[in-house]
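Coordinate-derived values only; no laboratory data. Computed from a predicted structure; not experimentally measured. Positions of Cβ are generated from backbone atoms using ideal geometry, with glycine treated the same way; all protein chains shown enter the neighbour counts.
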Amino acid sequence: MSPLDTGSVTHGLQLVDPLGRLSPRADQHATIGGHLRAVREELGLSLQELAERTRISRQYLAAIEDGDLSALPSRPFAIGYVRAYAQAMELDGDAAAQRFKTETPDTSEPLQAPVGVQHEQTRRSPVIFAAAAAVVVAVVVWNISQRALTSDDPPPPSLPADAPAPASTNGPIALGAPLPAPADQTTPAPYVTPGMTVGQAEVTGENGQVAPTPVSAPTAGPVPLAPDFDPKGQIYGASAAAGPSIILRARRSGTLVVRGKDGAVYFARQLRAGEGYRAAIGASLTADVTEPGAFDLFVNGTSRGVLTTAQTPLDKIAADPSA
């Protein structure tokens, strides 16, 4: 088939000029932007006046005239701006938009085959697949043959004549003593409230273990607990031998925040029923709770009922039994 002769391609697009103007002509300018600028200057319009007439940004109008596609928005908007520009000067907007699309083709669209040209696609895919399959089969066969040729492994060593016969697995098997369980490596470290040191706290339960917990403030002089206080859960804060103290014990789940006189947080925790906090008397601490009735109060081990206010100065309660 002889190649398609399309001849020399020339730009024959002309803009309609209803006013009968002969100059400037569209074919006198290399780009549609240059032609629109020439018409605007002949009409004596500035870019600002044209922007007010078309409601298009002056920046976009200047970009159309300069052919600066990077300063224009998406392609559909740019084509609409060119059409509005031409119509504002009584030119053929559709012809201007078509010339703009011709001068700036959309590279994202696939190229169309020329009309009248028939493409003959060579069917090479089956041949390529068959050749690849033959190569794979040849490689597999070669590997199998190599393994067969080199598989002369030495025989297993024979046991000496006086070696004891292997134990039979049909009879009972004696097991040794069980080994101790390995140490637990996943136990997390005990939580320590920021700004607190580590001391001792009471842990209730059947095992009666003692674990380190945050300490509020140092005091001196051990004071034994009165029979009124009965630990029912873990007690945070000062140790039992720290001296005169106040204990807040949760009757049910509630939040307790203990602050110093400078506002620093000494303790903050969601306590479960039975858990509590011991504060040394004289440390100028204040207790904030979400629900006062959810906390029992003990002064030196003696029950004082429940808290009555959400914010309670602990030293004031210790000094005033009626507080």
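A few remarks follow.
- Residue count for the stretch 246-256, restricted to those that are surrounded by 13 or more Cβ atoms within 10 Å (Cβ to Cβ) and assigned to a loop (DSSP other than H, G, I, E, B): 2
- Selection count, the stretch 257-293, where residues are farther than 18 Å from Ala242 by Cα, assigned to a strand (DSSP E or B) and aliphatic (A, V, I, L, M): 6
- Members of the stretch 78-110 found to be among the small types (Gly, Ala, Ser) and either closer than 15 Å to His35 by Cβ or touching a helix residue (DSSP H, G or I) at 6+ places or on another chain (Cβ under 7 Å) (or both), listed by number: Ala84, Ala86, Ala88, Gly93, Ala95, Ala96, Ala97
- Selection within the stretch 301-323 - within 23 Å of Ser253 (Cα to Cα) and either touching a residue at least 24 places away in the same chain (Cβ under 8 Å) or surrounded by 13 or more Cβ atoms within 10 Å (Cβ to Cβ) (or both): Gly301, Thr302, Ser303, Arg304, Val306, Leu307, Gln311, Thr312, Pro313, Leu314, Ile317
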